[in-house]
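Everything below concerns the one structure shown next.
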Amino acid sequence: QVQLVESGGGLVQPGGSLRLSCAASGIIFSSYAMGWYRQAPGKQRELVASITSGGSTNYADSVKGRFTISRDNAKKMVYLQMNNLKPDGTAVYYCNARLQTEYWGRGAKVTVSS
């Protein structure tokens with residue numbers, strides 16, 4: 001049974017930082033490309049950042065220079081370090097694992113507000 005479990009969401013002030021974590025089980029983690037997506041209220045889900053099995057990263061233009069995605073294959077974890085958060089970062093953030101099949105976590109809510 002495949003599980004992706006996000007943690008680390010919460011309320012943060014504009015300019016603050018949060019670190020999201022995603023724990024994976026039931027997959028050969030090192031073979032999967034991993035990603036973080038977000039869905040703001042009333043908007044479509046969008047890619048925030050991704051990392052290949054080889055460690056290559058890709059970021060949405062809106063988060064470049066502020067967010068960092070990383071992975072620990074030994075722990076089967078993927079992380080999203082979010083710095084200088086802005087109010088438009090308020091969303092539910094989803095962990096994604098992709099190879100031939102795609103899996104999703106249930107999401108972690110992030111609220112950026114003063």
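The values are calculated or read from the model by the stated rules, or taken from the named source; none is laboratory data. These figures come from a predicted structure and were not determined experimentally. So basically every Cβ, Gly included, is an ideal-geometry build from the backbone, and we count neighbours across all protein chains shown. What goes into the accessible areas is simple: the full protein's heavy atoms, side chains included, and nothing from ligands, DNA or RNA. Shrake-Rupley method; radii C 1.70, N 1.55, O 1.52, S 1.80 Å.
Is there a residue in the range 73-85 that is over 19 Å from Ser21 (Cβ atoms) and assigned to a strand (DSSP E or B)? Walk me through how you get there before you give the answer.
Taking the range 73-85 and keeping what is over 19 Å from Ser21 (Cβ atoms), we get 84.
Next, only the ones that are assigned to a strand (DSSP E or B) stay: none.
No: the range 73-85 contains no residue that is over 19 Å from Ser21 (Cβ atoms) and assigned to a strand (DSSP E or B).
Give the residue, chosen from Ala91, Ala74, Ala60, that is in contact with a Lys or Arg (Cβ under 8 Å, 6 or more places away or on another chain) and small (Gly, Ala, Ser).
Working: Ala74 fails: in contact with a Lys or Arg (Cβ under 8 Å, 6 or more places away or on another chain); Ala60 fails: in contact with a Lys or Arg (Cβ under 8 Å, 6 or more places away or on another chain).
Unique residue meeting the criteria: Ala91.
So which residues in the range 35-66 are in a loop (DSSP other than H, G, I, E, B) and of a type in the set (S, T, N, Q)? It would help to see each step written out before you state the result.
Within the range 35-66, the first condition is being in a loop (DSSP other than H, G, I, E, B), and the residues that meet it are 40-45, 52-56, 60-66.
Gln44, Thr52, Ser53, Ser56, Ser62, listed by residue number.
For the range 1-34, name all the residues that are assigned to a strand (DSSP E or B), within 17 Å of Leu99 (Cβ to Cβ) and touching a Lys or Arg at 6+ places or on another chain (Cβ under 7 Å). First the steps, then the outcome.
Residues of the range 1-34 assigned to a strand (DSSP E or B): 3-7, 10-12, 18-25, 33-34.
Now restrict to residues that are within 17 Å of Leu99 (Cβ to Cβ): 3-4, 22, 24-25, 33-34.
Matches in the range 1-34: Ala24, Ser25, Ala33, Met34.
Return yes when Leu4 is hydrophobic (A, V, I, L, M, F, W, C), in contact with a Leu (Cβ under 9 Å, 6 or more places away or on another chain) and open to solvent by less than 40 Å² (accessible area, probe 1.4 Å) and no when it is not. Spell out the reasoning first.
Values: hydrophobic (A, V, I, L, M, F, W, C): yes; in contact with a Leu (Cβ under 9 Å, 6 or more places away or on another chain): no; open to solvent by less than 40 Å² (accessible area, probe 1.4 Å): yes.
The answer is no for Leu4.
Looking at this structure, is Val63 farther than 20 Å from Glu102 by Cβ, β-branched (Val, Ile, Thr) and surrounded by 20 or more Cβ atoms within 10 Å (Cβ to Cβ)? Spell out how you get there, then give the answer.
Values: farther than 20 Å from Glu102 by Cβ: yes; β-branched (Val, Ile, Thr): yes; surrounded by 20 or more Cβ atoms within 10 Å (Cβ to Cβ): yes.
Considered against the rule, which asks whether it is farther than 20 Å from Glu102 by Cβ, β-branched (Val, Ile, Thr) and surrounded by 20 or more Cβ atoms within 10 Å (Cβ to Cβ), Val63 comes out as yes.
Restricted to the range 73-109, and to residues that are open to solvent by less than 60 Å² (accessible area, probe 1.4 Å) and touching a helix residue (DSSP H, G or I) at 6+ places or on another chain (Cβ under 9 Å), which residue is nearest to Tyr32 (Cα to Cα)?
Selected residue: Ala97.
Just one of (1) open to solvent by less than 20 Å² (accessible area, probe 1.4 Å); (2) modelled with pLDDT of 95 or more trips up Ile27, so point out which.
Condition not satisfied by Ile27: (2).
What single numbered condition from (1) of a type in the set (A, V, I, L, M, F, W, C); (2) within 23 Å of Ser113 (Cα to Cα); (3) without any contact (Cβ under 8 Å) to a residue 60 or more places away in the chain fails to hold for Ala74?
Result: Ala74 passes all but (2).
Looking only at the range 95-106, decide whether some residue is at pLDDT 95 or above, in a strand (DSSP E or B) and over 19 Å from Ser7 (Cα atoms).
Checked the range 95-106: at least one residue is at pLDDT 95 or above, in a strand (DSSP E or B) and over 19 Å from Ser7 (Cα atoms).
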